[in-house]
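Remarks on the structure that follows.
The values are calculated or read from the model by the stated rules, or taken from the named source; none is laboratory data. Just so we're clear, the structure is a prediction, and the values are computed from it rather than from any experiment. Neighbour counts run over all protein chains shown; Cβ positions are idealised from the backbone, glycine included. Only protein heavy atoms, including side chains, enter the accessible area calculation; ligands, DNA and RNA are left aside. Shrake-Rupley method; radii C 1.70, N 1.55, O 1.52, S 1.80 Å.
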Amino acid sequence: MSEVFTTAVLVAVGASAIRLAVPLLLAALGETFGQRSGVLNLGVDGIMLLGAFTGYYAVLKTDNVWLGLLAGALVGLVLGLASAVIAVTLKAEQGISGIGVFLFGLGMSDLLFQKLVGTPIPIDTFPQVDIPLLSDIPYVGEIFFQHSLVIYLAFLSIPVATFVINRTTFGMKIRAVGEYPDAADTLGVSVAGVRYATEIIGGTLAGIAGAVLAITLGIFQQNLTNGAGFIAIALVYFGAWRPTGVMLGALLFGFVNALVLELKTLDIIPRDFTNIAAMAPAIITILALVFVARRFRAPSALTKPFTRGK
Amino acid sequence: MAAFALIAAACSSDDSAEGFRIAIVAPSASNDLAFTQSMVDAANTIEGAEVSVTDGTFVVEDAAVAIRDYASDGFDLVIAHGSQYGGSLEEIAPDFPEVSFAWGTSANTYGLPNVFSYEAASDQGGTVMGKMAAALSQTANVGVVGPIETGDAALYVDGFEAGVLSQDPSATVNINYIDSFSDVALASEAAQSLIGAGADVLSGTAQMTVGAVGVAKQEGVLWFGTQSNQTSLAPEIVVASQVYHWEHMLEDMIDKVQDGTLGGELYKITFANDGLVIEYNEDFDLPDDVKDIAEDAIQTFKDQG
Amino acid sequence: MSINLSHQQRRILAYSIPVLAVFAALIFGAVMLLLLGANPIEGYGEMFVGAFGSGDALIATILKATPLLFVGTGIVIAFRANVINIGAEGQMVLGGLFATIAALYLPEMPPIIMVPLILMAGLLGGALWGWIPGALKAYYRVNEILSTIMLNIVAVQLMNYLLRGPLIDPAEKAGTGIPQTERLMESADLPIIFGDRFHIGPVLAILGAIATYYLLWRTPLGYRLRAVGLSEHAARYAGIPVRRTIALALTLSGAFAGLAGAVLVFGSESHRMVTDGSTMGFTGSAGFNGIVAALLGGLHPIWTIPASFLFGGLIVGGQALQRAVQVPSALIVALNGLVVVFVVAADRYRVKLLSVDGRDQEIADDGKTPEGEDESALGSVYDAAPSGTDSYGQDEFYEDST
């Protein structure tokens, strides 16, 4: 068994884990902002899909991967805004309106792809950028420092997000609005304004996540995300509404998936049991939560639309 | 291409397909560059036929409603293009004795007089391309990305593995079924994993393999495709694809239906009846000796009939 | 707005809000149809006919609505206890599996015994899959949104494994290996009550909805569920075992979804359980759409019945539309989503119309009578519970643990 778990294999699994984790991480980070301010957006997967298609299409037409990212971000922004209108101004039932956005994104992205593109055409993907010096570190270098620029930026966004939430006024407002909207309102914080902002952030990040996925894979396909948006939502809970926790969750999920893949390639998992193995990421995520002492609780106002005077 | 013309000439009989109404119910998108697209493309080549498609119907009960509806709408031939639809078809077909149904991939007509069944001998193309893969591989290590180990997918993969080993018994064939027909990201990581294990030639089946092809392109690893011509995905590294040409089969079915036979036949597209064709990537520099290996294998299959 | 409408007029306007919302969504859809080169008038005409325009269409709509109603009823129970259950997809799968296993391994018995048995099995399967997240939440503080999403994934892989392996049709093993069971025993077929395909499933679903109404408003358990849903603090001070009640809410919700799964298998055309590798392939997204149906019904079990029927009609009609004007199925999915969004977004106006000025608080405090005033259920779920209490927080109800 030990010749199987060579460092080469572990390194490959590690790198693969990071690649699988990034779209989850970005989408979950966006959702974290929203949920921290009290809004649950179940439509993340739909936004990711539309972001993925738009990003793909932009790259297809302009051959510029960064324009693709921008396109995905813009689409995500618009959808985030729409989500905000639905959840904050129209005070819709957040669990369900999200499902509607998901279905809309799923169908629309597929429809646009069929009508505007037809038979799949591959696109350019992000160039790999080896970080000088660091990427030469044996093993660690290959796992962490030989990815595309986008992946580095995605991980950099975690400490940035943590900083924003914990150390800026805006972050304080987000937390206040999520915990004590009445009190925040009395103090002059615009609850709706903050929630609009976080939903827009969430949508933009989800759109970027989708675009990253499509451009990294170099292609688009119906239901490209395959439920990644929902996993991202679950990861927000797993990460206790903190960017670092969310990142760890995404990495855990990516790691288990990558490991299972590797074990299948090496034939350690017999073909009859691949389905059981495919359950592993989900089960491990639940178990991880069970065994880790939880002292974190959800933002008190999560899913509750705010009305002054109530 | 010459073979196509010959057969096409042979197929054109006095009855044209003018006004013949074909309906296709399929589980994935019409542009999936795989299973569904192969049938939709084929139907659209039939001159004069009116083709209606309901794609993306992975819910079996919804497919049953669609099949039933097309049948009662007076379509001449209703194609249930998904193995999972069989159970429903068994119930529906008897209710519409004047309508012809075709079900694939399968080899079972339930003994019903108005049901055709069809399948692809995808293992044949798998074997041919497996031989090519073994001949082209410099590391003697070949990888395969599969969806769920079932039906047409399993048939192809088994054939491919057999082909590789028949050409080079000492070669390593690593097979990775990712347990999903749609997880493109996972397929791409599976390809990475196979390449990491030493593969310099890859193949795979089902629509999510577009992810694997992308990785192959990035890593400069060769790719063999199936179900549809996948050259356009990566002209630099796609060597060849086994393409399902259902059109001859469809033309035969149409002829039979027009002559009054609504079913009872088991179709299998093979090299011998030109239902299966290896379409080479013209831009790929395939050494002559490798091509010879392939052509010999194809000829063997053709001779078997 | 100070137009004085009578109570009657308000209620009529309120009930028509969802309908108007659907129309708004359909207008968007019409634009998309035009862009795709299809005729919206013709298309929507086909849609209506396909859903309601003939005996066959009505039957198709009712059969489509049946799992929606089962799931929706379960969702109502969960929602009344302030729990969102997004695990219905997985619970349906487990229900289908348990029922299928029962039919495969039990000896042949007459339908009068067999049918209730397989339905019970389905109920148990779904209940189990609802109990797990419920218990995880109650005793291990695992958030139910996370656990239900994860369990949906586990359920689909379990289904794939079983249907490809132990449960596969022996005939398939030698053949093309389609992941499906053999044709399940006939005595387990749901009895047909009309025509070729109209089985007792819809009747059972309606009975289930009615029973749930009684459960929620006429039994102590129902009272506890609703109390916990309104205010956990108050419920705890009243001595209600909050954690156990929440777990029970999820279990019951799962049970209904499990029933939906069993009915799907044994009422299906093929009388087999078959998978294409995804949950939605089996459930037809009823696990999600059922949530929408529950909402359309104002979280009232009885109103969920017409809501499911209409929503089922929308889905069936949409598919007929696709066939008639030959647009990609993807458009129908997008349209489905638009309708959901519009209806949900417009709900606020519906609630507002039904509660007049200061009457909100009164209705909220009333704990909701079973009569029409219930429509403000959503409003009061939000308003009555003081901020600081919630069921999404893991620790809120552990602070003063019982």
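Contact order for the range B:62-109, expressed relative to its length and based on alpha carbon pairs under 8 Å spaced 6+ residues apart, stands at 43 percent. For residue A:306, the amide hydrogen comes within under 5 Å of no other amide hydrogen, counting only partners 5 or more places away or on other chains and with H modelled in the peptide plane. Candidates C:58, C:321, C:257 compared by Cα position along the dipole of the range C:7-366: farthest toward the positive end lies C:257, with charges placed on Cβ.
Take every pair of alpha-carbon atoms less than 8 Å apart whose residues are at least six positions apart; their mean separation over the length of chain B yields a relative contact order of 18 percent.
Remark: the range C:1-93 carries 43 Å² of accessible area per residue (probe radius 1.4 Å; ligands, DNA and RNA excluded).
Think of each Lys and Arg Cβ as +1 and each Asp and Glu Cβ as -1; about the Cα centre, that makes the dipole of the range A:78-193 roughly 340 debye. Pairs of Cα atoms nearer than 8 Å and 6+ residues apart set the relative contact order; for the range C:7-366 it is 35 percent.
Summing Lys and Arg as +1 and Asp and Glu as -1 over all other residues whose Cβ lies under 14 Å from the Cβ of residue B:287 gives a net charge of -3. Ranked by solvent-accessible area (1.4 Å probe, protein heavy atoms only, all chains present), the residues B:103, A:66 order from largest to smallest as A:66, B:103. The charge dipole of the range C:7-366, taken about the Cα centre with unit charges on the Cβ atoms of Lys, Arg (+1) and Asp, Glu (-1), comes to about 960 debye, rounded to the nearest 20. Its DSSP H runs of at least 4 residues, each contributing -39,500 (n - 2.57), put the calculated 222 nm mean residue ellipticity of the protein assembly as shown at -20500 deg cm²/dmol, to the nearest 500. Chain C contacts chain A over a buried accessible area of about 5100 Å², both sides summed; the probe is 1.4 Å and only protein chains count.
The distance linking the range C:103-120 with the range C:293-317 is 30 Å (Cα centroid to Cα centroid, whole angstrom). Rounded, prolate or oblate: which one fits the range C:150-281, using the alpha carbon gyration tensor with axes a ≥ b ≥ c (rounded when a/c is under 1.5, else prolate when a/b beats b/c, else oblate)? It is oblate, given that a/c is not under 1.5 and a/b is not larger than b/c. The B and C chains share an interface that buries close to 2600 Å² of accessible area, total over both sides, probe 1.4 Å.
Residue C:303 contributes an accessible area of around 110 Å² to the protein surface, as traced by a 1.4 Å probe with all chains present. Pairing the Cα long axis of helix A:65-84 with the longest principal axis of chain A, what angle in degrees results, from 0 to 90 and rounded to the nearest 10? Tilt relative to chain A: about 30 degrees.
The residue among A:266, A:189, A:250 whose Cα reaches farthest toward the positive pole of the charge dipole of the range A:179-310, with charges on the beta-carbon of Lys, Arg, Asp and Glu, is A:189. The HN-Hα couplings worked out from phi for the range A:219-233 by the Karplus form 6.51 cos²θ - 1.76 cosθ + 1.60 (θ = phi - 60°) are 7, 10, 7, 3, 6, 4, 6, 6, x, 4, x, 5, 4, 4, 4 Hz, whole numbers, x standing for Gly and Pro. The C-alpha atoms of chain A define a longest principal axis, and helix A:274-291 lies at about 50 degrees to it. Using heavy atoms of the protein chains and a probe of 1.4 Å, the accessible area assigned to residue A:162 is about 40 Å². Dipole size of the protein assembly as shown about its Cα centre, with +1 on Lys/Arg Cβ and -1 on Asp/Glu Cβ: approximately 5320 debye, rounded to the nearest 20.
Among C:183, C:10, the order of accessible area from largest down is C:183, C:10, computed with a 1.4 Å probe on protein heavy atoms. The distance separating the Cα centre of the range B:16-60 from that of the range B:234-305 comes to 19 Å. Within chain B, DSSP assigns beta bridges of which about 10% are antiparallel (rounded to the nearest 5).
Distant-in-sequence amide contacts of residue C:180, defined by a placed amide H-H separation under 5 Å and a gap of 5 or more residues or a different chain, comprise C:169.
Restricting to the protein assembly as shown, compute how many DSSP beta bridges are antiparallel as a %, nearest 5. Percentage antiparallel, nearest 5: 20. If you sort A:179, C:232 by accessible surface, 1.4 Å probe, largest first, the order is A:179, C:232. Largest GNM mean-square fluctuation across B:185, B:162, B:140, computed for chain B with C-alpha springs under 10 Å, falls on B:185.
Here the 3J(HN,Hα) profile of the range A:20-34, calculated from phi with Karplus coefficients 6.51, -1.76 and 1.60 at θ = phi - 60°, is 5, 6, 4, x, 4, 4, 5, 5, 5, 4, x, 5, 4, 4, x Hz, Gly and Pro shown as x. Taking other residues whose beta carbon is less than 11 angstrom from the beta carbon of residue C:134, and scoring Lys, Arg as +1 and Asp, Glu as -1, yields +2. Going by alpha carbons, how many degrees (0 to 90, nearest 10) lie between the helix axis of B:184-196 and the longest principal axis of chain B? That works out to roughly 30 degrees.
Exposure check, 1.4 Å probe, all protein chains in place: residue B:50 carries approximately 80 Å² of accessible surface. Mean-square fluctuation check for chain B, GNM, Cα pairs under 10 Å: which of B:165, B:202, B:222 is largest? Of B:165, B:202, B:222, the most mobile in the Gaussian network model is B:165.
Backbone amide hydrogens, once placed in the peptide plane, bring residue B:238 within less than 5 Å of B:223, excluding anything fewer than 5 places away on its chain.
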